[in-house]
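Bear in mind these aren't lab numbers, they're just calculated from the coordinates by the rules spelled out. Worth saying up front: this structure is predicted, and the values here are computed from it rather than measured. All Cβ positions, even for glycine, are placed from backbone atoms using ideal geometry, and neighbour counts span all protein chains on display.
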Amino acid sequence: MKAMKVSERMRGYRTRKQAAGLRLVQLWVPDTRSKRFAAECRRQSRLLKGDPAEAEMLEFIARAGAWDDHAPR
């Protein structure tokens, strides 16, 4: 059995996914490993320090994180 080239395997993979009703979407996202990203996070965090909206949002996140999956809805 002859080994398939990467491009042939990818073509087959994409064809199967399309046949399953899926569509390829590519996204560019921030590189969370970059020094620039880390610096921007620090900058934005400093801007929020002491802001009442920050405290409110952190409380919301804590409540959401404590969600009980078995609680009645």
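What to note about this one:
- Note on K17, K5: ascending count of other Cβ atoms within 10 Å places them as K5, K17, the fewest first.
- Residue (of G12, T32, A66) at the positive-pole extreme of the chain, dipole from beta-carbon charges: G12
- Equivalent ellipsoid semi-axes, the chain, via Cα gyration tensor eigenvalues times 5, rooted, Å: 43, 24, 11
- Positive minus negative residues near R43 (Lys, Arg vs Asp, Glu; Cβ under 12 Å): +3
- Here the chain is treated with +1 on each Lys and Arg Cβ and -1 on each Asp and Glu Cβ, and its dipole about the Cα centre works out to around 920 debye.
- Spin-label model, E56/R9: points 7 Å from Cα along the beta carbon direction are separated by 5.2 nm.
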